[in-house]
Amino acid sequence: MTSPYHLPAGRAAAGPYAVDISPETAGWGYCGLRVLDLPPGGAHTFATGESEWLVLPLSGGCTVTATDDFGHDTFELTGRADVFSAVSDFAYVPRDARATVGSPGGGRFALAGARCTRRLPARYGPASGVPVELRGTGACSRQVNNFGAADVFACDRLIAVEVITPGGNWSSFPPHKHDEHRPGEESVLEEIYYFEFAGHEGVPGLGYQRVSPSGRGRGTDVLAEVRTGDAVLIPDGWHGPSMAVPGHHMYYLNVMAGPDPERAWLIRDHPDHAWIRATWPDLPADPRLPLYTAPERPA
């Protein structure tokens with residue numbers, strides 16, 4: 001039985017985008033995601049409209065140009081071979097502008113967006129400035145690339161991070177939620193998970209994603225087998241675990257935004273599973289992590 005919240009690869013494709021999730025198609029108010037494949041020498045231009053955008057290379061490099069009535073800014077993104085090989089640089093493009101993404105060598109690029117009210121300046125985010133964090137220990141170990149975290153890079157509403165879970169591990173655990181406004185304790189944030197997996201000798205990877213009802217909102221309930229190019233929409237509910245099958249590393253891009261006046265990632269752990277955090281100090285982190293670290297800042 002398919003879920004309206006699980007979008008297998010291709011289901012959310014539209015026009016030039018392999019994935020095109022907007023607030024309208026998701027049925028919510030703020031966040032969206034596009035995944036753009038460009039051939040060598042390809043380019044794509046889009047209007048940012050009422051949303052701010054982060055352009056993040058998933059594979060390959062690109063040039064990003066933001067143009068409005070006041071002029072234009074151009075940023076050269078070095079990018080990376082793939083999401084399992086390196087941290088990437090990225091670019092911020094504000095609302096009420098036109099953006100062009102061009103790639104001499106071709107590649108795959110995520111456009112993470114959120115409706116917003118403030119117009120911030122276009123900016124470049126260097127790979128060397130991305131904090132790489134290890135969360136959890138043992139089988140709950142994962143790596144988080146906090147390129148667009150709320151306390152790292154300034155946006156109006158948009159929050160975005162990358163998570164890498166080694167094969168056989170569980171991440172997004174303990175299950176947590178952010179669907180209730182509780183000042184200082186929990187934020188209201190819509191969320192998109194976009195997945196990619198490392199193959200092995202030509203065999204594609206896969207994993208599993210769970211979302212369970214929290215008693216609020218739509219009562220979102222998902223148990224999905226996920227593969228490269230899939231997305232899962234999380235308007236509400238306890239989400240986690242995200243499970244990577246043994247032998248295949250799992251990557252997901254988290255895109256979040258919501259109505260709260262403070263741009264913050266504040267979560268509540270599921271009360272049945274929150275105790276697991278107390279076991280982490282007794283276990284080592286997975287020795288496979290980090291898969292990589294951010295490059296050193298230029299002297």
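Going through region 255-276 one residue at a time, which ones are more than 23 Å from the chain's Cα centre (by Cα) and not in a loop (DSSP other than H, G, I, E, B)?
274, 275, 276 - these are the residues of region 255-276 that are more than 23 Å from the chain's Cα centre (by Cα) and not in a loop (DSSP other than H, G, I, E, B).
Quick check on region 47-58: of everything there that is out of contact with any Ser or Thr (no Cβ under 7 Å at 6 or more places or on another chain) and buried (at least 19 other Cβ atoms within 10 Å of the Cβ), which residue is farthest from residue 109 (Cα to Cα)?
Across region 47-58, the extreme among qualifying residues is 51.
How about region 227-251: which of its residues are assigned to a strand (DSSP E or B), touching a Gly at 6+ places or on another chain (Cβ under 9 Å) and over 17 Å from residue 203 (Cβ atoms)?
If the condition is that a residue be assigned to a strand (DSSP E or B), touching a Gly at 6+ places or on another chain (Cβ under 9 Å) and over 17 Å from residue 203 (Cβ atoms), then 233, 242, 243 are the ones that fit.
Taking the stated definitions as given, is residue 12 crowded, with 19+ Cβ neighbours inside 10 Å, assigned to a loop (DSSP other than H, G, I, E, B) and either out of contact with any Pro (no Cβ under 9 Å at 6 or more places or on another chain) or modelled with pLDDT of 95 or more (or both)?
Here the answer is yes, as residue 12 does meet what is asked.
Does region 142-160 hold any residues that are of a type in the set (Gly, Ala, Ser) and either surrounded by 24 or more Cβ atoms within 10 Å (Cβ to Cβ) or under 20 Å from residue 212 (Cβ atoms) (or both), and which are they?
Across region 142-160, the qualifying residues are 148, 160.
Please list, ordered by first then second residue, the pairs with beta carbon atoms under 8 Å, 6 or more apart or interchain, first in region 261-274 and of a type in the set (Val, Ile, Thr), second part of a loop (DSSP other than H, G, I, E, B).
Sorted first by the residue in region 261-274, then by its partner, the pairs are 267/178.
Need the failing condition index for residue 65 against (1) under 21 Å from the mean Cα position of the chain (by Cα); (2) in contact (Cβ under 8 Å) with a residue 24 or more places away in the chain, just the number.
With respect to (1) under 21 Å from the mean Cα position of the chain (by Cα); (2) in contact (Cβ under 8 Å) with a residue 24 or more places away in the chain, residue 65 is out only on (1).
Tell me the residue from 252, 292 that is aromatic (Phe, Trp, Tyr), touching a residue at least 40 places away in the same chain (Cβ under 8 Å) and crowded, with 21+ Cβ neighbours inside 10 Å, please.
Result: 252 is the single residue among 252, 292 that is aromatic (Phe, Trp, Tyr), touching a residue at least 40 places away in the same chain (Cβ under 8 Å) and crowded, with 21+ Cβ neighbours inside 10 Å.
Do the conditions hold for residue 72, that is, is it free of Cβ contacts under 8 Å to residues at least 40 places away in the same chain, assigned to a strand (DSSP E or B) and surrounded by fewer than 21 Cβ atoms within 10 Å (Cβ to Cβ)?
Taking the combined requirement at face value, the residue satisfies it.
For region 186-212, give me each residue that is closer than 27 Å to residue 138 by Cα and more than 19 Å from the chain's Cα centre (by Cα).
186, 199, 200, 201, 203, 204, 212
Only residues that are surrounded by fewer than 24 Cβ atoms within 10 Å (Cβ to Cβ) and part of a loop (DSSP other than H, G, I, E, B): list them for region 161-171, please.
Passing the criteria: 166, 167, 168.
For region 181-192, check the following and say yes or no: at least one residue is within 24 Å of residue 291 (Cβ to Cβ), in contact with a strand residue (DSSP E or B) (Cβ under 7 Å, 6 or more places away or on another chain) and either among the aromatic types (Phe, Trp, Tyr) or part of a loop (DSSP other than H, G, I, E, B) (or both).
No: region 181-192 contains no residue that is within 24 Å of residue 291 (Cβ to Cβ), in contact with a strand residue (DSSP E or B) (Cβ under 7 Å, 6 or more places away or on another chain) and either among the aromatic types (Phe, Trp, Tyr) or part of a loop (DSSP other than H, G, I, E, B) (or both).
Looking at region 134-180 only, could you name the residues that are touching a strand residue (DSSP E or B) at 6+ places or on another chain (Cβ under 7 Å) and acidic (Asp, Glu)?
156, 162, 179, 180
The values are calculated or read from the model by the stated rules, or taken from the named source; none is laboratory data. All figures in this text were calculated on a predicted structure; none of them were measured in a lab. As a convention, Cβ positions derive from the backbone with ideal geometry for all residues, glycine included, and neighbour counts pool all protein chains shown.
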